[in-house]
Amino acid sequence: MCGIVGAVAHRVVTPVLLEGLRRLEYRGYDSAGIAVLDEAEQIHRVRKKGKIKELEAALETSLVEGKIGIAHTRWATHGAPSERNAHPHICRETIAVVHNGIIENHDELRRKLEFKGYDFQSDTDTETIVHQIHELRAAGLPLLEAVRETCSILRGAYAIGVLSTADPKRLIAARFGSPLVVGLGESENFIASDVFALVGETQRFIFLEDGDIADLTTDTVNVYDHKGELVQRPVHETKLAADAVERGEYRHYMQKEIHEQPVAIEKTLDGRIRAGKLLDGTFGPLAEKAFDHIESVQIVACGTSFHAGLVARYWMEAIAGLPCAVEVASEFRYRKHVVPEGTLFVSISQSGETADTLAALKEAKQLGYAYTMAICNVPESSIVRESESTLLTRAGPEVGVASTKAFTTQLAALLLLVVALGRRNGLLPEQEAKIIKQLESLPAQIRQVLKLEDDIQKWAELFGDKQHALYLGRGVQYPVAMEGALKLKEISYIHAEAYPSGELKHGPLALIDEQMPVIAVAPNNELLEKLKSNLQEVQARGGELYVFADVEAPMENVPGVNLLRVAETDEIVAPIVYTVPLQILAYHVALIKGTDVDQPRNLAKSVTVE
C-alpha cells in the first residue's frame, strides 16, 4: 500500500523521485504527488489522481526542480481518491509531509487544530500531521523536535517524510508500524517504503525500527530511537539488482512470475536438501533446538499466505503428526487465546510487512508461544526481524498484486518445516527421502504444466461473459481451490467461491446452472471417486465443468465436462502443482476481461495498514 520516496542530494532529485514511484507501482495506488524545495527555498507541489503517467504529464508543464524532495503514491483510506486528498500535504507553504499508515486519533487532532485556526484542505488523516508539526515549529521547536513531539501525539501506524523551508537542506523521516528504509548514497541520501524504490540509486540501506526518527542531509544520517537517543542501526547491502523488477519479454509481471516458479522453487530448496535428506541446520541452531520441544503448531497469515497455511495444516498433521491450527491474522489478534504448551508460532508473509500478521506476531511473543518462526520472501522485512528464526523463500521480487510464485515457494518452504518437525515425531528416513524426492521433482513438473498455457487460454475464452464461478476441491486440494477462486476474483473481477466438493449438497448446488462454470482440481488420490460423484451432481444440473485432472485419473471429455491433464505428480506435492494451472486460467480470463492484471482495482500488494 502507499509508497514513499524522498531524497536530499547535490543534484536535481525530481527524476529520482519519479523513478522511485514507478518502482513502487506494484504496491497499489490511486493518486500520486511530488513536492520539491527549490533553490529559492519555496515548495513546489504537483498532485494527480490516477496513474504516475498522469503526474509525469503534469510535471512536463510545471517547473518542479530542487535538490530535496518527497513523493508519494496513495492508496485511499481516509477520503476518496482525488487530487485534493493526494500527498504530499502542505501547511502554510512551509512544511510538506508524505505519510503511509493510519492515524487513529486524527478526528481529535483535527478538531484541536481547527480550533487553533488551521484550515484543512483534504479529508485525510495525514493532514493533521503536517499541521501539528507546523504548530510545534511555530511554538519555537526545531524541525526534528517538532516531528518527534508530533509522533508522540499520534496514535496508530505511520511512516512519514518531512521537509521544511526553515531547514532547506534536511529531510526528516519517522516510522511506527509502517515500513520505511533509509538509502545511503555518495553525498546524497534517500528514504523509501522499501528497497525496490531505490535499487537504481544505492545498494546500502538502514531499516528503521519502530519509534525511530532519521535526520538526513546530503552527507549525514542520524537515527534516534523512541527515547530520543542517537543510535547506530546496522547498514545492509541488498543483493537485489536494478533490473530485477523488469518485465522482460512478458506482457505482465504476473505472467512473468508464473513462469518463474520452477526457478523460484529451485532457489527455495537450494542448499537445504541433499541425498534424500533435509540438511541439518536448515532452520538455524536456535530453531533446531526449539523443534525438539514442539508439540503443536499455530500458523497465522493473510490472503494467499493464509491458503498456504491451510495446505500446511494437512501436511503437518498427516506427515509430522502434530496438531496444527491456522488462522487469519486479522482475526487472531482480536480474540483471547489459550496457548498450548510447546506451540510453535509460524507467521507467513510475502512482503514481511503485512500489518495484521506483524501485529499477531508481536502479540504471540507476549502470549508465551514456545518459539516464533517466519516464512517470508524479504530478508530485511519487519516480520523477519521480529521472529526468532526465519526460512526465506528466495522467490525474488514479486511485483504483480496477485501472488503466484510467493505462494508456491511458501508451500515448498512449509513442507521443509513439516519434515523438520516430523523427524522428531516418528517420520522415518525412507518417508523423508520420498518427500524430498517429490520436492526435487517439482520444478520439472511445473515446467510441464506451463506447457498447457495455450490450452488453458482456450478455456479462458469461454469465461468472457461469466459473472460467477465455483471452485471445488477435496482434502488438501480444497485450499488450492480457495486460492484459485481468489486469483480469479482479484484480477478478473468475476465473483468466485471455493467449496469442499463434499459440501455441494449443503447449499452450493442451488447456484448451479449453465451460466455457472465449475472448476475442479482432480489429482489421482483416494478421494478421486468421491470427487467424481460430486462432479456428476453438477453435470446433472446443467453446470459446465472445467477439470484439471491427473494424467492417470479415469476421467473423460464428455459433453458438459472439459478436461485437461496436468503433469504426472505425487500426492504430497500435488497441491503445489495444481495451483499453477489455476493461476494461468485466472491470468488469461483477466486478459479477456480487459482488466489491469498487475494492479487490479482497489487492491494493494503489501497491506501495511489494518
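Which length gain, in nm to one decimal place, applies between Asp219 and Ala166 when the Cα-Cα distance is subtracted from 0.36 nm times their residue separation?
Extra length from Asp219 to Ala166 when fully extended: 17.2 nm.
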Next on the checklist: If I stretch the segment between Val12 and Val231 completely, what's the gain in nm (0.36 nm per residue apart, minus their alpha carbon distance), one decimal?
Outcome noted: 75.8 nm
Next on the checklist: Suppose each label sits 7 Å from its Cα in the direction of the beta carbon; what would the Ser122-Arg251 distance come out to in nanometres?
Outcome noted: 3.6 nm
Item to check | Cβ-placed point charges (K, R +1; D, E -1), dipole of region 343-493 about Cα centre in debye, nearest 20 | outcome: 360 debye
Checklist entry - From a point 7 Å beyond the Cα of Glu108 in the direction of its Cβ, which residues of region 134-160 have a backbone N at a distance under 13 Å? => result 152-156
Checklist entry - Considering only protein heavy atoms and a 1.4 Å probe, what is the carbon-and-sulfur percentage of the accessible area of region 174-333? => result 47 percent
Checklist entry - Which of the DSSP-defined H helices in the chain satisfy a minimum axial length of 24 Å, computed from C-alpha atoms, and a minimum mean Kyte-Doolittle hydropathy of 1.0? => result 405-423, 574-593
Checklist entry - List the lysines whose alpha-carbon lies under 27 Å from that of Lys365, not counting same-chain residues fewer than 8 positions away? => result Lys227, Lys289, Lys336, Lys605
Checklist outcome for this item: 1/(1 + (r/R0)^6) with r = Cβ-Cβ of Lys336 and Arg385, R0 = 35 Å, i.e. FRET efficiency to nearest 0.05, evaluates to 0.80
Item to check | FRET efficiency, Lys289 to Ala444 (Cβ-Cβ, R0 41 Å, nearest 0.05) | outcome: 0.70
Item to check | Spin-label pair Leu141/Leu428, simplified geometry with 7 Å Cα→Cβ offset, distance in nm | outcome: 6.8 nm
Checklist entry - In nm, what is the difference between 0.36 nm times the number of residues separating Ile153 and Tyr493 and their Cα-Cα distance? => result 118.3 nm
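Using the heavy atoms of the protein chains and a 1.4 angstrom probe, tell me the accessible area per residue for region 122-266 in square angstrom. Present the calculation step by step, with values, prior to reporting the outcome.
Values: 5650 Å² over 145 residues.
Solvent-accessible surface per residue comes out at 39 Å².
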Item to check | Lys277 versus Glu186: modelled label distance in nm, points set 7 Å from Cα along the beta carbon direction | outcome: 4.9 nm
Next on the checklist: Taking the Cα centroid of region 358-375 and of region 29-58, what is the distance between the two, rounded to the nearest whole Å?
Outcome noted: 40 Å
Next on the checklist: Give me the Å³ per residue figure for the convex hull around the C-alpha atoms of the chain.
Outcome noted: 156 Å³
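The values are calculated or read from the model by the stated rules, or taken from the named source; none is laboratory data. Only a predicted model underlies this, so the values are computations on that prediction, with no experimental measurement involved. Using ideal geometry, Cβ is built from the backbone for each residue, glycine included, and neighbour counts are taken over all protein chains shown. The area values use the complete protein model at the heavy-atom level, side chains included, leaving out ligands, DNA and RNA. Shrake-Rupley method; radii C 1.70, N 1.55, O 1.52, S 1.80 Å.
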